[in-house]
Amino acid sequence: MTLLTTIFAAIICTIFWYINAPESQMNIGILCLMYWGASLMWFVDAVFEYVEIGSAYFTPAPIDMLNDFYLGLSVVALGLIIWLVVLLIKDPKGVVKAVLFQKKN
């Protein structure tokens, strides 16, 4: 489930990146790279787990699937948090700078 969760996040993020590619100010490419990297990590983990336990890999217990799904959602959420921090630091539209240096009357 972690692999599926991160692959779906990577695909959705890549679609948004591709649609907005020419004028991408939101640094969605960083988010795509994080999700594709996580997908690759979970794919390698799945291959090694399949080698270790064989065909039992395809019949996990429901509680294990739920735990893996929560882990996948946590990875997606952590990727979004990192992306938001990078976005706020780079501030491509100058919104944070405008708010911080706004004169108060």
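A few comments on the model shown:
- Sparse-neighbour loop sites [trypsin sites (Lys or Arg not before Pro); segment 5-105; at most 11 other C-beta within 10 Å; DSSP]: 93, 103, 104
- The length gained by stretching the chain between residue 71 and residue 33 to full extension, at 0.36 nm per residue less their Cα-Cα distance, is 11.8 nm.
- Cα-projected label distance for residue 98 with residue 46, points at 7 Å along beta-carbon direction, nm: 4.3
- The separation of segment 16-31 from segment 69-88, counted between C-alpha centres, amounts to 17 Å.
- Rounded to the nearest 20, the Cβ-based charge dipole of the chain about its Cα centre (Lys and Arg +1, Asp and Glu -1) stands at 920 debye.
- Portion, in percent, of the accessible area of segment 50-92 that falls on carbon or sulfur, probe 1.4 Å: 73
- MRE, 222 nm, helices only [DSSP H, n ≥ 4, -39500 (n - 2.57), over the chain, to nearest 500]: -26000 deg cm²/dmol
- Residues in segment 1-80 average 68 Å² of solvent-accessible surface per residue, probe 1.4 Å, ligands and nucleic acids excluded.
- Peptides ranked, highest mean first, by Cβ atoms within 10 Å: ranges 16-23, 78-85, 52-59: 78-85, 16-23, 52-59
- Helices assigned as whole DSSP H runs in the chain whose Cα atoms extend at least 27 Å along their own long axis and whose mean Kyte-Doolittle hydropathy is -0.5 or higher are found at 28-53, 62-90.
The values are calculated or read from the model by the stated rules, or taken from the named source; none is laboratory data. Owing to the predicted nature of the structure, the values given are computational and were not obtained by experimental measurement. Backbone-built Cβ (ideal geometry, glycine too); neighbour counts: all protein chains shown. Calculation scope for accessible area: heavy atoms of the full protein, side chains included, ligands and nucleic acids excluded. Shrake-Rupley method; radii C 1.70, N 1.55, O 1.52, S 1.80 Å.
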